[in-house]
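Every number in this text was worked out from the coordinates using simple rules, so none of it is lab data. Small disclaimer: the values here were computed from a predicted structure and weren't measured. Counting neighbours? That spans all protein chains shown, and the Cβs are built from the backbone with ideal geometry, glycine included.
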Amino acid sequence: MATIQGECGKIELFYDFFGEDEVASTDPSRPLGPFLVAGQGSEGTDAGVPTLDSGLSGVGVITTTDEADHTTLVGTPCAFDVALMGPIMLEARVRFGTDLLTKETFFGLTDVDPVTLSLQTDIITGASSALTNTGTAFVGFYQSAELTDTNDWHAVYKGGTATAVTVSTSLDLDCDAVIGDYQILKLEIDPNGTTRWYVDGVLKKTLAGATSTTADFGVVLGVEAKGSACETLDVDYLLVRANRDWTV
């Protein structure tokens, strides 16, 4: 982190999902509070982030199209550098309102531009207990219907000094998502790439050198359809904290 040069040395982005993104927008990237809605296919029919009618405190429903491997996400452009802006903290309160058997979900950082991002193509995909790290630099939480443990969050990473793991059972956080129940997912990334994964305030994993300290990252909270149905993820809030890069 560069020497602070002004009063606005901290960056904080927060959204409580009282407003909504227009479903079936033709714009592949549109604002939602301080974040943006994007992803491969997010401009298609049925995709968007409407609010939940019965959601007190504001709840958004991240919704995909009904086409396989289409992603809808809430996130940011690639505007964060771990070494220059760390520690970086991401936190979201999320809930699966429907089944977990036809979707995959990612929450974290990636170096891929979010506008056309597909979780499977640009970050990670799974089959049984095998993971294929399709991205070059990312770190976060991952859930997939295509893994043997469809309900569990996995601590995934690539691009740092730690060797990327491709066996899902080695990354399983033993913290199942339960349909209808909220969970608070929190990620802390230090300037040296050391990362901590928390679920509901409990530290689940710490790994040194989990991700790149030179890549430019964007925040991604996204869900992807793995079948022919629209997939959803309820989100109560999304919070990002980082230090400002005073070198630019």
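Details
- Helix-only CD estimate at 222 nm, as mean residue ellipticity for the chain, using -39500 (n - 2.57) per DSSP H run (n ≥ 4): -500 deg cm²/dmol
- Between the stretch 6-37 and the stretch 140-198, the Cα center-to-center distance that results, in Å: 24 Å
- Å³ per residue enclosed by the Cα convex hull of the stretch 134-205: 93 Å³
- Residue among 56, 230, 135 farthest towards the positive dipole end of the chain, charges placed on Cβ: 135
- Whole-angstrom Cα spans of the stretch 38-164 along principal axes, big to small: 44, 35, 26
- Sorted largest first, extent of the stretch 117-248 alpha carbons per principal axis (Å): 46, 31, 28
- For the set 10/186; 158/205; 103/158; 10/205, the pairs lying more than 20 angstrom apart at their alpha carbons are 103/158; 10/205.
- Within a straight-line Cα-Cα reach of under 13 Å, residue 226 can be paired with the following aspartates and glutamates, leaving aside sequence neighbours fewer than 8 residues apart in one chain: 66, 67, 69, 99, 104, 146.
- Residue with peak Gaussian network fluctuation, the chain [Cα springs, cutoff 10 Å], from 176, 66, 53: 53
- When Rg and the Kirkwood Rh are both derived from Cα coordinates, the Rg/Rh ratio for the chain amounts to 0.94.
- Only Lys, Arg, Asp and Glu carry charge here, each on its Cβ (+1 for the first two, -1 for the last two); on that basis the chain has a dipole of about 820 debye about its Cα centre.
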